[in-house]
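A.B. asks: Here you go, one structure.
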Amino acid sequence: MRILLYNPDNGVTRNFMPHLWMFLLQALTPAGHEVLLVDGNAQPMDEAQIAQFVRDENIGLVGIGAMTRMVARAYRMADAIRATGVPVVMGGPHVTEEVDEALGRDGGPRHADAVAVGEADETWPQIVNDAVRGELKEIYAPLDAMGKERKPSLNPYPEIPWDKLDLRQFNLVPKVMHPMLKNFREGWGTFRIVPVESGRGCPYSCDFCTVTGFFGDSIRFRTNESVVNELLLLKARARKEQGQIAVFFIDDNFAINVKRTKSLLRDIIRAKAQVFWVAQISANLLRDEELVDLMAASGAKWIFIGMESVDPVNLKGVNKGFNKPGEYNEVLERLAKRNIYAITSFIFGMDNDTPGVAERTLQQIRTWPPGLPIFGLLTPLPATPLYQRLEASGRLTRPRHWKDFVPFTMAHTPLKMTIAEAHDELNYGWAHSYSPEALAQAVAALDDEHVGDRVNIFLARLCFRGIYFPMLTKWSWLRVIIGNRRTILRLFHKGVSRWVRPRNSVRPDPADVAMPNVSDQVNV
């Protein structure tokens with residue numbers, strides 16, 4: 001049987017990396033089946049096109065995974081596929097909480113033939129086998145002998161054959177640039193950001209987050225050896241292709257167990273498995289100097305930090321009081337000293353927010369090392385404590401907001417400002433962080449650093465700008481380039497000046513960076 005695993009886009013922004021679930025399920029598919037992967041962010045399709053694709057490729061089963069912001073599009077694509085007579089299985093955090101919605105048991109249309117509830121590592125092989133026999137059940141859930149939900153172990157972990165997979169759709173380097181860039185420096189003919197997980201679960205239970213509900217509050221880890229071998233495989237592929245690869249550790253909190261994280265990073269360094277990497281780590285865990293030393297030596301470049309607010313009252317209100325705004329600057333300086341920069345995420349529309357919250361937040365951001373600030377609105381996702389609280393208090397304005405997805409739009413009434421004011425604050429935050437003037441200031445703040453660091457922050461800001469301001473056409477990119485022409489010319493001049501000097505300061509491969517002088521004794 002030929003199987004299609006499809007990840008929809010949300011029709012607004014295009015993700016910069018694929019989703020891991022497709023590669024995991026492909027690796028877990030029983031022998032004798034061919035699995036095709038299509039990511040809507042890399043291969044955009046409408047309903048008619050995906051239906052034709054399914055017919056042309058003689059697909060016998062389709063698996064669709066989607067988070068809440070993508071589920072309306074996922075449902076439309078699933079409807080088009082089911083109209084061809086091909087069964088659809090849906091999974092992911094949203095349908096796990098909204099099983100009846102996906103199966104049409106809530107009075108609405110049916111979108112899926114079956115739903116995989118929770119993590120599908122154990123149930124996917126059974127789903128495939130049942131589909132072959134034409135005996136799909138409506139619901140598949142990983143249950144133990146007592147009928148309780150069972151979280152899959154990550155040991156052993158499925159071996160994803162990164163060296164053999166067709167990853168062309170995920171190359172971020174335009175095809176026309178490949179011949180020119182493959183011989184540039186270490187080789188830049190390809191560049192991919194690849195998702196890797198080292199563990200699952202989060203104990204924090206923030207009110208607005210679905211992670212604990214889906215993955216649980218007990219942390220499960222892969223072995224260090226398993227992670228290191230995967231990095232070595234990815235690194236070898238990039239070298240063979242005369243390209244580059246970066247890894248995004250998609251763990252919900254990569255350093256949640258500091259002792260274990262230090263151990264993993266030491267093993268990465270010893271094995272020379274360093275690649276440039278990104279991860280999500282909460283600010284409270286970045287107080288540890290030894291941890292940050294090891295992060296730098298193992299290839300860390302960007303760290304995503306969910307700061308959410310500079311107001312302690314807001315943080316306490318969403319059960320994230322472990323964030324301490326007073327230490328944000330110290331944490332970011334600690335990272336920046338090691339050439340690691342932060343993606344700092346903020347949420348507007350919290351209960352203690354008032355008009356002017358965006359400028360108050362930016363006043364803090366301007367005192368920090370340059371990074372990538374991103375802004376969103378407080379969003380009540382199904383089954384979260386936030387959703388339940390807002391529903392009970394009658395504050396939801398669009399209780400089923402995901403069925404009519406509108407990006408950056410409130411679904412409830414804030415306490416201390418109007419919905420329109422919350423939208424204005426969001427726009428203010430983005431506009432004043434990603435204007436040509438703001439980009440120029442971010443680059444200028446790194447004037448004492450290597451020109452590559454300045455190019456890095458500039459390109460990253462250009463890309464992140466597209467999260468809020470659509471940049472999906474050549475013309476939109478051209479307008480942005482023209483608007484930032486002075487900064488681009490300045491970077492070009494600096495780059496050329498460095499290039500013509502004796503090339504005795506070429507930046508080393510991450511694996512050639514010496515391991516810091518840190519003790520093998522862990523200091524947590």
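A.B. asks: Would you be able to tell me the number of residues in region 166-215 that are among the small types (Gly, Ala, Ser), modelled with pLDDT under 85 and in contact with a helix residue (DSSP H, G or I) (Cβ under 6 Å, 6 or more places away or on another chain)? Break it down stepwise before answering.
C.D. replies: Looking only at region 166-215, we keep the residues that are among the small types (Gly, Ala, Ser), and these are 187, 189, 198-199, 201, 205, 213.
Pick out the ones that are also modelled with pLDDT under 85 and you get 187, 189.
This time we only want the ones that are in contact with a helix residue (DSSP H, G or I) (Cβ under 6 Å, 6 or more places away or on another chain), so: 189.
Total meeting the criteria: 1.
A.B. asks: Considering each of 335, 315, 286 in turn, give the residue that is free of Cβ contacts under 8 Å to residues at least 12 places away in the same chain, assigned by TED's automatic domain parsing to the domain that holds residue 468 and either out of contact with any His (no Cβ under 7 Å at 6 or more places or on another chain) or part of a strand (DSSP E or B) (or both).
C.D. replies: Working: 335 fails: free of Cβ contacts under 8 Å to residues at least 12 places away in the same chain; 286 fails: free of Cβ contacts under 8 Å to residues at least 12 places away in the same chain.
Result: 315 is the single residue among 335, 315, 286 that is free of Cβ contacts under 8 Å to residues at least 12 places away in the same chain, assigned by TED's automatic domain parsing to the domain that holds residue 468 and either out of contact with any His (no Cβ under 7 Å at 6 or more places or on another chain) or part of a strand (DSSP E or B) (or both).
A.B. asks: Additional query: Could you list, in sequence order, the residues of region 115-126 that are without any contact (Cβ under 8 Å) to a residue 60 or more places away in the chain and surrounded by fewer than 23 Cβ atoms within 10 Å (Cβ to Cβ)?
C.D. replies: Matches in region 115-126: 117, 122, 126.
A.B. asks: Now for a separate question. Quick check on region 289-299: of everything there that is in contact (Cβ under 8 Å) with a residue 40 or more places away in the chain and not in a loop (DSSP other than H, G, I, E, B), which residue is surrounded by the fewest Cβ atoms within 10 Å (Cβ to Cβ)?
C.D. replies: Among those that are in contact (Cβ under 8 Å) with a residue 40 or more places away in the chain and not in a loop (DSSP other than H, G, I, E, B), it is 289.
A.B. asks: Would you tally the residues in region 327-359 being within 16 Å of residue 438 (Cα to Cα) and not small (Gly, Ala, Ser)?
C.D. replies: Count: 3.
A.B. asks: Here is a check on your reading of the model: is residue 403 under 22 Å from residue 92 (Cα atoms) and not assigned by TED's automatic domain parsing to the domain that holds residue 101?
C.D. replies: yes
A.B. asks: Still on this structure: Quick check on region 300-311: of everything there that is touching a Phe, Trp or Tyr at 6+ places or on another chain (Cβ under 8 Å) and more than 21 Å from residue 254 (Cβ to Cβ), which residue is surrounded by the fewest Cβ atoms within 10 Å (Cβ to Cβ)?
C.D. replies: 310
A.B. asks: Suppose we keep only residues that are of a type outside the set (D, E, K, R) and farther than 22 Å from residue 209 by Cβ within region 312-338. Which one would you say is surrounded by the most Cβ atoms within 10 Å (Cβ to Cβ)? Walk me through it before giving the result.
C.D. replies: First, the residues of region 312-338 that are of a type outside the set (D, E, K, R): 312-315, 317-319, 321-323, 325-326, 328-329, 331-332, 335-336.
Next cut, farther than 22 Å from residue 209 by Cβ only: 326, 329, 332, 335-336.
Working: 326: 8, 329: 14, 332: 25, 335: 22, 336: 19.
It comes out as 332.
Here's the yes/no breakdown for (1) among the charged types (D, E, K, R); (2) closer than 30 Å to residue 212 by Cα; (3) surrounded by fewer than 20 Cβ atoms within 10 Å (Cβ to Cβ):
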{"residue": "6", "(1), (2), (3)": "no, yes, no"}
{"residue": "18", "(1), (2), (3)": "no, yes, no"}
{"residue": "44", "(1), (2), (3)": "no, no, yes"}
{"residue": "63", "(1), (2), (3)": "no, yes, no"}
{"residue": "104", "(1), (2), (3)": "no, yes, yes"}
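A.B. asks: For region 133-151, how many residues meet the condition of being closer than 26 Å to residue 40 by Cβ and either surrounded by 15 or more Cβ atoms within 10 Å (Cβ to Cβ) or free of Cβ contacts under 8 Å to residues at least 24 places away in the same chain (or both)? Full working, then the answer.
C.D. replies: Taking region 133-151 as the starting set, the residues that turn out to be closer than 26 Å to residue 40 by Cβ are 136, 138-140.
In the following step, the residues that additionally are either surrounded by 15 or more Cβ atoms within 10 Å (Cβ to Cβ) or free of Cβ contacts under 8 Å to residues at least 24 places away in the same chain (or both) were identified as 136, 140.
Qualifying residue count, region 133-151: 2.
A.B. asks: Turning to a different aspect of this structure: Could you tell me whether any residue of region 390-409 is buried (at least 20 other Cβ atoms within 10 Å of the Cβ), touching a residue at least 24 places away in the same chain (Cβ under 8 Å), assigned to a helix (DSSP H, G or I) and more than 25 Å from the chain's Cα centre (by Cα)?
C.D. replies: No, that holds for no residue.
A.B. asks: Tally time: how many residues in region 216-255 are modelled with pLDDT of 90 or more, more than 18 Å from the chain's Cα centre (by Cα) and in a loop (DSSP other than H, G, I, E, B)?
C.D. replies: 3
A.B. asks: Now for a separate question. May I ask you to list the residues in region 263-283 that are assigned to a loop (DSSP other than H, G, I, E, B) and touching a residue at least 60 places away in the same chain (Cβ under 8 Å)?
C.D. replies: Within region 263-283, 272, 273, 274, 275, 282 qualify.
A.B. asks: Something else now. Scan region 114-124 and give yes if some residue there is aliphatic (A, V, I, L, M) and assigned to a loop (DSSP other than H, G, I, E, B), otherwise no.
C.D. replies: Yes, some residue in region 114-124 is aliphatic (A, V, I, L, M) and assigned to a loop (DSSP other than H, G, I, E, B).
The values are calculated or read from the model by the stated rules, or taken from the named source; none is laboratory data. As the structure is a prediction and not an experimental result, all values here were calculated from the model. Virtual Cβ from ideal backbone geometry, glycine too; neighbours counted across all protein chains shown.
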